[in-house]
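A short reminder: the numbers here are calculations on the coordinates, not readings from a lab. Since this is a predicted model, take the numbers as computed values, not measurements. Cβ atoms come from the backbone with ideal geometry, glycine included; neighbour counts cover every protein chain shown.
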Amino acid sequence: MSGMNLPDIVFVSLENWDEVWRRNQFLCSGMARRFPQSKILFVGLPRDVSHQVRRGRWREMFQRATWTVPDLPNITVTHPLKILPNSLAAGRRFNEAVARRHIRRVARRLGIKNPVLWLNPHSAVHMAGRMGERAVIYDITDDWTQLTQSPSLTQLTTEQDAELCRRADAVIVCSQKLFDLKHGLSHHLHLIPNGVDAKHYDGVLNQDKPLPDDAKRWPKPVLGYTGTIHPDRVDIALVEAIARKLSQGSIVLLGPNHLSENDKSRLVNSGKVMFKEAVPYTQLPEYMRAFDVCITPHCMTAFTESLNPIKLWEYLAAGKPIVSTNVAGFRDYPDFVYLAHDADSFVVAVQNALREGSGKPEARRAEARSHSWESRLDAVEAVIQLCLGKPGRNASNVR
């Protein structure tokens, strides 16, 4: 597309800019490369003063707050301060004021005026209308109202989400479930799923390339999972049961680990589960080359129903066999994904996957190429154009 000049963007993220790439980094890096004259201020997680003080991590508070992304000079990353706990409303309002002031100050220093305000967290609703922005875009990637949390936090999340849906000039969701959920809250709703750079995974099927040293030690066959390892996503009981039913091989969970020590011990004690810390996006294909089957043992809940997992597109791009529980996204590709509902059927599906024919890998990769981040960026550009041109709040949804 790229038929427009992109305005500067203040992009408030739910995640930090690091080597583990997620939707926000793919979108920002893509826009930065398409529009090198445009500036993007990427707002990562705050520097949590009260949290660091309680844990005695004084040095972390003095790490640089603002920096430029290597090889992407028009992206600046910044981290506001969070001084008080958010558990009390007064503390939360104080932190919000500090964050707004910090972001405005950095934006002025960069020469950013009247930006598009892109909000990923529902908790950033306090910024809407207060940052000198030309338009507000709310990008929803998960149904955070269904996350395991206290009732009071669930209520606050629901209220903030609903208010931001009403106030935003455009609401973008990544899954059909989220589209259905937010339809009554926003009249300017757009469905833009996640995507993949399929070329990045070209070498996964090349068995002549060397494996990373630690991956060489994984017992075969390797059932590999990539992504956030969180109990609201990964079904711990299911993984444990699968591990105990496997006669040989290993289950490798690769990614940021948010499990309790008890859950980690349960899985390790099964004798088949191995954890691998998150690796940089650049190295992910090297580790996926060691997988014999890509797995998604996700919980089947209202929360996971809201997801459009990036791993779906990455698994397809890798070409390897895929086994998943019957969850959103994966169930839409019965020709490429073996579905299971419990440990017994999961093990059977793995056995079938290991015996599949030779034509499936390239068919999966072809499907992945039709879901590129470039096509998603075309859709994002169209939404921004609608917001700035204001041709009518009932414009067609970008699907």
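Work out the P(r) tail for the chain: percent of alpha carbon pairs separated by more than 27 Å, whole number.
In whole percent, the long-distance tail amounts to 53.
At 0.36 nm per residue, and after removing the present C-alpha to C-alpha distance, how many nm does the segment from Ser247 to His230 gain when stretched out fully?
Taking 0.36 nm per residue and subtracting the Cα distance, the gain is 3.5 nm.
Calculate, for Asn16 and Glu356, the FRET efficiency according to 1/(1 + (r/R0)^6) with r their C-beta to C-beta distance and R0 30 Å; round to the nearest 0.05. Could you put the intermediate results ahead of the total?
Working: r = 38 Å, r/R0 = 1.27.
According to the calculation, E is roughly 0.20.
What ranking, highest mean first, results for peptides 188-194, 30-36 when packing means the other Cβ atoms within 10 Å averaged over each residue? Kindly include the intermediate steps, with their values, before the conclusion.
On the way: 188-194: 21.0, 30-36: 17.4.
Averaged packing, sorted descending, gives the order 188-194, 30-36.
When the chain is fully extended, how far beyond the present Cα-Cα distance does Tyr333 get from Lys113, taking 0.36 nm per residue of separation? Let's see the in-between values first.
On the way: separation 220, 0.36 × 220 = 79.20 nm, distance 4.42 nm.
Here the segment from Tyr333 to Lys113 would lengthen by 74.8 nm.
Measure of size requested: the Rg and Dmax of the stretch 168-241, with Cα atoms as the atom set and Å as the unit; please supply both.
19.3, 53
If you place +1 on the Cβ of every Lys and Arg, -1 on the Cβ of every Asp and Glu, and leave all else neutral, what size is the dipole of the chain about its Cα centre, to the nearest 20 Debye? Present the calculation step by step, with values, prior to reporting the outcome.
Numbers: 52 positive and 42 negative charges, 276 e Å.
Using Cβ point charges on Lys, Arg, Asp and Glu, the chain gives about 1320 debye.
How far apart, in nm, are two points set 7 Å out from the Cα along the Cα-to-Cβ line at Asp213 and at Ser375?
Output for this residue pair reads 4.1 nm.
Suppose the chain between Leu185 and Ala89 were pulled fully straight at 0.36 nm per residue; how much longer would it get relative to their current alpha carbon spacing? If you can, show how the numbers build up before the last one.
Values: separation 96, 0.36 × 96 = 34.56 nm, distance 2.46 nm.
In short, 32.1 nm is gained.
Assuming R0 = 35 Å, what is the FRET efficiency of Asn269 and Asp344, from their Cβ-Cβ distance, to the nearest 0.05?
Values: r = 21 Å, r/R0 = 0.60.
Efficiency, rounded to the nearest 0.05: 0.95.
For each pair in Lys245/Lys276; Lys264/Lys320; Lys182/Lys320; Lys177/Lys245, compute the distance between the two Cα atoms and list the pairs where it is over 30 Å.
Long pairs (Cα-Cα over 30 Å): Lys182/Lys320; Lys177/Lys245.
Compactness ratio of the stretch 198-369: Cα Rg over 2.2 N^0.38 Å, N = residue count? The partial results should precede the final answer.
Values: Rg = 14.7 Å, N = 172, 2.2 N^0.38 = 15.6 Å.
Ratio of Rg to 2.2 N^0.38 Å for the stretch 198-369: 0.94.
In degrees, nearest 10, range 0 to 90: what is the angle between the Cα axis of helix 343-354 and the longest Cα principal axis of the chain?
Roughly 80 degrees, rounded to the nearest 10.
Give the residue from Val293, Asn257, Pro221 lying farthest towards the positive end of the charge dipole for the stretch 198-369; charges sit on Cβ (+1 for Lys and Arg, -1 for Asp and Glu) and the dipole is referred to the Cα centre.
Pro221
Choose one of His200, Leu238, Ile310: the residue whose Cα lies farthest towards the positive end of the charge dipole of the stretch 198-369 (beta-carbon charges +1 Lys, Arg; -1 Asp, Glu; about the Cα centre).
His200
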